[in-house]
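Just below is one structure, and these are the notes that go with it.
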Amino acid sequence: MLKYVEKNNDFDIFDNATKQYLYSKNPKKWNENASRGIDFGIKNSINLLNPYPYRDNILKDKTAYTDTEILSIATNQQMLRFAKIFKDDIFNNRDKIQRYYNKFIFIGTLLGTHIINIAKKIRALDYLVCEQNLEIFRLSLFVCNYVELNNNSSSITFSIMDDEADFIKKFDIFYKKSIFFNTTYKYFATGYDAENYLNQIINFKFRQDPFLFSYTRTLDSVKKTSLIINSEVFINLDDITSFDFAKANDMPFLLLGAGPSLGNNIEWIKENYSNVVIVAIAATLERLQHHKIAPDIIITIDSDEVIIEQFQNIDQSFIKHSIIIASSITNNNVIKKIKEKNNNLYFYEMFNTFTRSSNVISGNSVSEYSLAILLMMRIKKIYLIGIDFSLNQDTGKIHDEFHHEFLTGTTFDLYSKQTTNKILINNGGFSFREDVISAAGNFYKSVYTTRVLAISSIAMTKIIQIYKSDLTTIYNLSQTGMFIDGTIPLTLDSQKVATEKIDKSFLTNYFGLIFTEFNKQFRCRSDQGPYYNNLIQNIEYIQNSLNHQRSKLFVNFSEFETTVIEFFKMSYEKLYMEKAFIEIITNYYNSSLRFLQYAMNDVSINTQSDKTLTNSINIAWTDILGDILTSYKNIIQQVLTNLE
């Protein structure tokens, strides 16, 4: 309730539930304290730059690392070129004062009387205003002129009374405004529901971390695909979407992941085995073999040779009738191992399509890719078990006990949580893989999970939003898993999901014939030559432009920043059809610019140092991008050579 405080000639909010004034009857003093507490230091800011990629990580013994780790270290060594430009480790300065903050977040509005004063002080490019209480926000409209936030060409995004899914959509809008200026967010929180907002923001930012799948890994993945594109049988995902799987899409499909609920429900799976199509990610095979549950379809995605362990101890007789769908980045030794045991192997492209007539799925883990394929096939009933995206709520383990990482993987302390707001106030750090957080449960109000699992859940929701038709229903059977938006929680009981037995041998022949037919339309053919020749010409144009930039002398970092953003726009216009190239160059920009922006956004850097540092940065930046362009051009030339 809005009340006028005559003594201070101002308005306050009276909470009928607590019988208290939210400003303690002194809004002026509260606003002064709020404005005074906001400065250009790094306290009360969200900065998720991970120091590791910018520190010296010398690769001494290649045999000690997986393929993925070797590629990640290659990225780290390139990023180290930027770090060595600076005299000191930029991450050690907890007293740093920035020159500016481009993005500012108001968490909670109250009456909003503090908002304009803070905005005038910070003068950010973009503002996000969040408020869960609609009535409080409506009251703020009488007092706060939000139009003033648009002064100086600033933008404003509102998130009012949004649930988590809608908030993420709004935050995505905020993120994409001035997209290359998302290094650090300054924020002011009134206190109400701040913890929930901050966790959602941090999880979102972790999902955008360029080192989750670095540009070197994407480049390597495109190269792997180019080498097998005309020698293996590929599934055209566009064909899957348009084909009518009439003989299969009425069957119930059970998608099995390697989360804790797999082992908990193995008896139920055995009881329903004959009546459902079992689709299993490769990490579940040892558990399924132990219980004699042969999967009808197996899906694998990982590029590391270490996943050969998922097939190592699997009997040929156990999977000889299974359809195996593997990503185009699968390690060659893994492919050989699979072929020793199964002849029904089909591939799908990742990150890029060389046929110009296929589709590419985006996701964080094999679970999302597997569900996407089933949704593209328009399967009407899909059941999920082991797709938990949560920890074992008793032991703190991520995986089922048969998973090859069960004994060696991390066991999480379920009682070690710190509040996000406290960590930020104390200038603390977050861990993408080690933090334990709470999230909405499938059946429970909340469950323990990690940020990496929570991000996979968000990716799964996005897959459902993109590919799910109105005819499809997805049931989540995980008792202690996260709630996945777009799925229906379903309890396990003695009732079978279907009563009619499925002819399993029919499935192998049915899908095999269809996937083989798809492949006939998939090959890279000579009529695509003009496209690839034009692509090479465009890459060479970008290379020439980059050489010109390398020789340029900059006055300051701001000039360099403007130039490289314009360079990105030019590159995008030339190669927007090449999804993988755009992903690689965007990833490189985020990997390099976020560090450089944070390092150069420091009041202690004087004019001369700004100029000297910037020109050293330009040499390193253009050298690395030049290597990326050369590598991509070599891949395209190889594809051009191998056209049928």
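Here are the numbers for this structure:
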{"item": "With every protein chain in place, region 215-369: carbon and sulfur % of accessible area (1.4 Å)", "result": "44"}
{"item": "Computed accessible area, residue 40, all protein chains, 1.4 angstrom probe, square angstrom", "result": "50"}
{"item": "Convex hull volume of region 565-644 per residue (C-alpha atoms, cubic angstrom)", "result": "88"}
{"item": "Accessible-area ranking of 311, 483, 188, largest first, probe 1.4 Å", "result": "483, 188, 311"}
{"item": "Identified option (computed Rg and Dmax of the Cα atoms in Å; candidates [x] 29.2, 109; [y] 24.5, 73; [z] 26.9, 85)", "result": "[z]"}
{"item": "Restraint check, 341/462; 29/103; 224/247, Cα-Cα greater than 29 Å", "result": "341/462; 224/247"}
{"item": "Counting DSSP beta bridges with both ends in the chain, the antiparallel % (nearest 5)", "result": "25"}
{"item": "Calculated [θ] (222 nm, deg cm²/dmol) that DSSP helices of n ≥ 4 give over the chain, each run adding -39,500 (n - 2.57)", "result": "-13500 deg cm²/dmol"}
{"item": "Two-site label geometry, residue 241 and residue 579: point separation in nm, points 7 Å out along Cα→Cβ", "result": "0.8"}
{"item": "Portion, in percent, of the accessible area of region 158-201 that falls on carbon or sulfur, probe 1.4 Å", "result": "57"}
{"item": "Extended-chain gain in nm, criterion 0.36 nm per residue less alpha-carbon gap, residue 312 and residue 637", "result": "113.4 nm"}
{"item": "Label-point separation, residue 471 to residue 65 (7 Å along Cα→Cβ), nm", "result": "4.8"}
{"item": "For the chain: relative contact order, % (alpha-carbon pairs under 8 angstrom, 6 or more apart)", "result": "16"}
{"item": "Accessible-area composition of region 522-583, carbon plus sulfur, in percent [1.4 Å probe]", "result": "52"}
{"item": "Exposure ranking of 134, 492 by accessible area [1.4 Å probe, largest first]", "result": "134, 492"}
{"item": "Rounded to the nearest 10 Å², the accessible area of residue 462 at probe 1.4 Å", "result": "100"}
{"item": "Surface accessible to a 1.4 Å probe, residue 56 within the full protein complex, Å²", "result": "90"}
{"item": "Relative contact order, percent, region 23-174 [alpha-carbon distance under 8 Å, six or more residues apart]", "result": "20"}
{"item": "The chain, accessible area per residue, ligands and nucleic acids excluded (1.4 Å, Å²)", "result": "44"}
{"item": "Per-peptide average of other Cβ atoms within 10 Å, ordering 254-260, 501-507, 178-184, 24-30 highest first", "result": "254-260, 178-184, 24-30, 501-507"}
{"item": "Computed lengthening from residue 611 to residue 147, 0.36 nm per intervening residue step minus Cα-Cα distance", "result": "163.3 nm"}
{"item": "Neighbourhood net charge (12 Å Cβ-Cβ; Lys/Arg +1, Asp/Glu -1) for residue 344", "result": "+2"}
{"item": "Accessible area in the full protein assembly, largest first, 1.4 Å probe, for 348, 52", "result": "52, 348"}
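The values are calculated or read from the model by the stated rules, or taken from the named source; none is laboratory data. Please read all numbers here as calculations on a predicted model, not as lab measurements. Positions of Cβ are generated from backbone atoms using ideal geometry, with glycine treated the same way; all protein chains shown enter the neighbour counts. We work out accessible area using only protein heavy atoms, side chains counted, and drop any ligands, DNA or RNA first. Shrake-Rupley method; radii C 1.70, N 1.55, O 1.52, S 1.80 Å.
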